[in-house]
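Undergrad: Before I ask anything, let me first share the structure, which is written out below as structure tokens.
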Amino acid sequence: MGQSSSSCSCNNGQEIYRPVIIGKNSCSIDEDDDLTLSLPDECLGSVFGKLGCLDRNSCSLVCKRWKCVDSKSRNRLVLLARSEMSPSLPSLLSRFNTVSILSLKCSRKLLSIDDAALSRIPIFLPSLKKLKLKGCIHISDDGLHAFSLHHPPLLTKLSFASCGFGAKGLNSLLSNCPSLQDLTLKRLRKLDATSSTPASSLWVGALSADDGGGSNDHSNDINAVVVGDANSKEKDAHHYHHQRSLKLERLCLKDLHNARLFIPLILSASASLKTLVVCRSSGNWDRVLETGLHGKTTSISEIQMENVQMGDAGLLAISSSCPDLQLLYLSRTTDCTDDGLSAIANSCKKLRKLHIDAWSRFGSRTIGDEGVFSIANKCSQLQELVLMGIPMAIPSLNALASNCLGLERMALCNTDSVGDSEMAFIAAKFLALKKLCIKNCPNVSKSGIEAVGRGCPNLVKLKVKRCKGITRAMVSRLRLQRSSLVVSVDAGSMLFDSEGISLSAAVAAAAHEDEQGITDTMANTSSSGRSTTGAVAATHVICSSRGALLLRSKFESALQLGGRRRRRPTEDNC
């Protein structure tokens with residue numbers, strides 16, 4: 001009774017471990033007994049999974065059983081992929097042959113692993129699902145081609161950042177990885193340097209049956225797709241699309257140039273694509289979206305466009321092709337206006353999250369209150385709204401409160417139009433609101449904060465950043481008024497009030513939260529330094545700011561230098 005056996009699967013003819021679970025009637029346990037012998041290998045592997053990387057590596061050196069269990073229970077492996085690791089990579093991967101997530105990272109200033117080492121990875125990792133290469137500039141197109149010839153059946157996610165291959169290697173992966181669903185490309189300089197002729201083989205070549213290249217054969221086809229001036233060439237592009245379509249569900253492009261290279265990729269994957277992320281990639285993305293989506297109905301539910309050249313034409317292409325769109329993220333898209341956002345509102349009725357950063361390089365007309373008003377009237381399922389640099393008015397807020405009854409998260413940033421009257425309206429009308437962020441709104445003052453404290457019955461977190469009309473005393477009173485409300489305050493821009501607040505204490509409190517200021521834990525800020533005697537001892541306020549962290553480092557170094565200078569005369573007197 002109470003006994004079970006367990007053996008390590010990789011005993012290699014050596015001793016088989018048969019631990020016995022100690023029951024309640026067993027004899028006493030000596031201090032030198034190994035209690036892990038009573039655990040099956042699966043339970044011991046779960047314990048190892050709770051440890052950090054260094055502790056787990058140390059545990060693998062304890063005994064043969066622990067080494068075996070550690071090898072068979074690892075799911076993720078991150079390696080420093082320098083050139084000297086190439087000879088030992090096969091033996092290392094054969095030890096951890098159950099790994100499904102592999103990350104190879106190297107500095108671009110150092111030699112990375114070679115093509116031969118990369119090509120053998122599918123042999124030793126048959127369960128590989130995710131592969132990430134970063135800084136491996138010495139892996140060429142030939143290495144990716146040799147890797148893809150193994151046709152890894154479970155490989156679903158590929159991520160490449162700052163690597164040295166280009167069109168031919170990506171062609172091979174798209175052609176020979178049947179389960180690929182997630183593709184991320186970042187800073188591929190060799191790809192950026194290609195002209196329009198090799199770019200034609202990037203994706204169109206992948207859709208053809210030719211794996212050997214043929215880059216020049218389709219140069220006219222890709223140019224015709226980009227320009228769109230020849231019906232016969234467009235039919236050829238559609239022929240490729242129907243001949244072999246990709247199964248990509250997520251495509252992420254960051255820090256790339258030459259937007260037209262990706263038209264055939266989007267065209268081929270549009271039937272299965274669900275998420276499209278484009279960040280800091282130059283080129284005319286209006287033309288890319290118009291030609292890639294081509295007015296057909298897609299299943300795309302998430303689109304993020306950040307720091308790209310896109311206007312109303314791109315938004316019209318999205319509205320006509322993405323009726324199931326649920327998340328739209330527009331950040332500094334330069335040319336989008338209310339007309340484009342109105343088109344999104346008329347067609348994308350399932351929109352749940354909307355983020356807009358209305359920024360224009362030349363101060364031209366961008367998205368304003370009219371676009372938000374159309375979204376409020378048409379998108380009743382909206383749950384999250386982030387508006388940056390958009391002038392808000394009471395009619396738009398009223399439409400949001402009346403039609404978007406499920407709106408739970410809202411952020412209003414970088415606008416002078418949001419003041420105490422708008423805050424009072426939000427507090428009275430937005431009953432479902434749980435999280436509210438007010439950032440860089442100088443017209444919000446004491447009455448607006450007090451109104452939020454009296455209203456918004458479901459509010460659980462209030463974040464105030466760079467609002468110079470908010471003082472520490474206001475936040476303290478709000479905390480006393482709503483004890484369950486978490487208040488996050490940017491200490492770097494809070495005004496000094498009559499109660500006094502020490503800059504060093506405020507900046508020190510900023511270190512309790514991470515860079516992004518999203519944590520929901522509570523931190524106590526104590527007054528010190530030059531604080532007056534009437535200062536509040538603790539405000540239970542989270543203080544977060546990148547600027548505050550920078551100020552902290554500078555002021556601490558200045559204070560340390562000043563302290564040393566003040567101590568020197570004292571030491572001399574002694």
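Undergrad: Reachable lysines from residue 429, Cα under 28 Å, same-chain residues fewer than 8 places away excluded?
TA: 349, 350, 353, 378, 439, 446, 461, 463, 465, 468
Undergrad: Once Rh for region 91-158 is found with the Kirkwood sum over Cα pairs, what is the Stokes-Einstein diffusion coefficient at 20 °C and 1.002 mPa s, in µm²/s? Don't skip to the end; give the middle numbers.
TA: On the way: Rh = 12.2 Å.
In µm²/s, the coefficient rounds to 175.
Undergrad: For a test of understanding, tell me how many lysine pairs in region 52-150 have Cα atoms under 17 Å apart, given they are 8 or more places apart or on different chains.
TA: 6
All of the numbers you see were taken from the coordinates with simple rules; none came from a lab. This structure is a prediction, so every number in the text was calculated from the model and none was measured.
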